[in-house]
1. Tell me the residue from 183, 174, 156 that is over 23 Å from residue 120 (Cβ atoms) and either part of a strand (DSSP E or B) or in contact with a helix residue (DSSP H, G or I) (Cβ under 7 Å, 6 or more places away or on another chain) (or both), please.
2. Does residue 60 qualify as being touching a residue at least 24 places away in the same chain (Cβ under 8 Å) and at negative phi?
3. Regarding residue 133, is this residue more than 24 Å from the chain's Cα centre (by Cα), farther than 20 Å from residue 225 by Cα, in the same structural domain as residue 252 (by TED's automatic domain parsing) and surrounded by 11 or more Cβ atoms within 10 Å (Cβ to Cβ)?
4. Any residue that is surrounded by fewer than 17 Cβ atoms within 10 Å (Cβ to Cβ), touching a residue at least 12 places away in the same chain (Cβ under 8 Å) and not in a loop (DSSP other than H, G, I, E, B) - is there at least one of those in segment 229-236?
5. In a helix (DSSP H, G or I), modelled with pLDDT under 90 and surrounded by 15 or more Cβ atoms within 10 Å (Cβ to Cβ): which single residue out of 98, 148 fits that description?
6. Answer yes if at least one residue in segment 46-57 is surrounded by 13 or more Cβ atoms within 10 Å (Cβ to Cβ) and part of a loop (DSSP other than H, G, I, E, B), and no otherwise.
7. Of all residues in segment 225-248, which are within 18 Å of residue 181 (Cβ to Cβ) and more than 20 Å from the chain's Cα centre (by Cα)?
8. Scanning segment 151-175 for residues that are closer than 17 Å to residue 247 by Cβ and more than 20 Å from the chain's Cα centre (by Cα), which turns out surrounded by the most Cβ atoms within 10 Å (Cβ to Cβ)?
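The values are calculated or read from the model by the stated rules, or taken from the named source; none is laboratory data. What you see is a predicted model, and the numbers here were worked out from it, not measured in a lab. Positions of Cβ are generated from backbone atoms using ideal geometry, with glycine treated the same way; all protein chains shown enter the neighbour counts.
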């Protein structure tokens with residue numbers, strides 16, 4: 001057996017990290033002396049230590065590594081690797097996009113990082129009564145497209161006719177991307193089908209302030225800001241949370257600058273005193 005000091009030298013993990021891995025039930029010593037607390041490891045555990053190091057290098061979290069170590073299912077392991085490849089690919093593409101933008105800024109000798117505020121046309125209109133399939137979840141905001149796709153797939157499986165673009169309502173008062181309270185809605189033709197995953201909701205006829213945002217979602221906040229300023233400046237009150245309807249997005253396989261999002265806020269007229 002190896003002492004923790006010698007095992008640390010062999011696997012190039014500090015004793016502090018090894019104690020932490022013991023606490024996280026990733027790599028427990030084979031024996032701990034009751035009298036002095038000395039920890040001992042055996043040769044076969046070196047392979048586990050090297051695997052943990054490699055998985056950490058790949059970007060896996062400790063809970064993910066624990067799951068991998070506890071399973072003998074090779075297919076599940078492959079699924080973990082594929083999922084991490086997709087996650088890392090997304091990050092690589094995001095960083096490439098950032099580097100490209102920064103390089104363009106250097107080439108243009110730009111002296112400011114401020115995004116030029118866009119102009120938005122605001123319309124006041126009536127949203128007619130409609131029935132929608134509604135699904136409200138606590139979700140990571142990056143998974144929203146996945147949940148929307150799932151709604152379409154399950155509706156097709158159950159012969160439910162959907163029409164119109166999907167809409168998202170954001171209920172959080174603060175931006176919480178990892179745990180967002182979001183309701184997804186898609187208009188549908190009348191159906192008696194019931195599901196445990198969604199429910200049928202009737203949206204009433206309502207007065208709404210509307211604008212369109214073109215391009216990336218990164219700066220969609222300007223559209224919300226324009227709507228809020230218009231509502232305040234024209235004698236109205238918000239009468240519910242904002243809705244984003246994705247008229248044209250990633251599913252269109254088009255450049256980001258071609259995305260079109262309708263933003264609307266239900267409103268009521270202020271009563272003059």
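1. Numbers: 174 fails: either part of a strand (DSSP E or B) or in contact with a helix residue (DSSP H, G or I) (Cβ under 7 Å, 6 or more places away or on another chain) (or both); 156 fails: either part of a strand (DSSP E or B) or in contact with a helix residue (DSSP H, G or I) (Cβ under 7 Å, 6 or more places away or on another chain) (or both).
Answer to the check: 183.
2. On the way: touching a residue at least 24 places away in the same chain (Cβ under 8 Å): yes; at negative phi: yes.
For residue 60, the condition - touching a residue at least 24 places away in the same chain (Cβ under 8 Å) and at negative phi - is met.
3. no
4. no
5. Working: 98 fails: surrounded by 15 or more Cβ atoms within 10 Å (Cβ to Cβ).
It is 148.
6. Of segment 46-57, the ones surrounded by 13 or more Cβ atoms within 10 Å (Cβ to Cβ) are 46, 48-53, 55-56.
Subsequent filtering for residues that are part of a loop (DSSP other than H, G, I, E, B) retains none.
No, segment 46-57 contains no residue that is surrounded by 13 or more Cβ atoms within 10 Å (Cβ to Cβ) and part of a loop (DSSP other than H, G, I, E, B).
7. The answer is 238, 240.
8. 162
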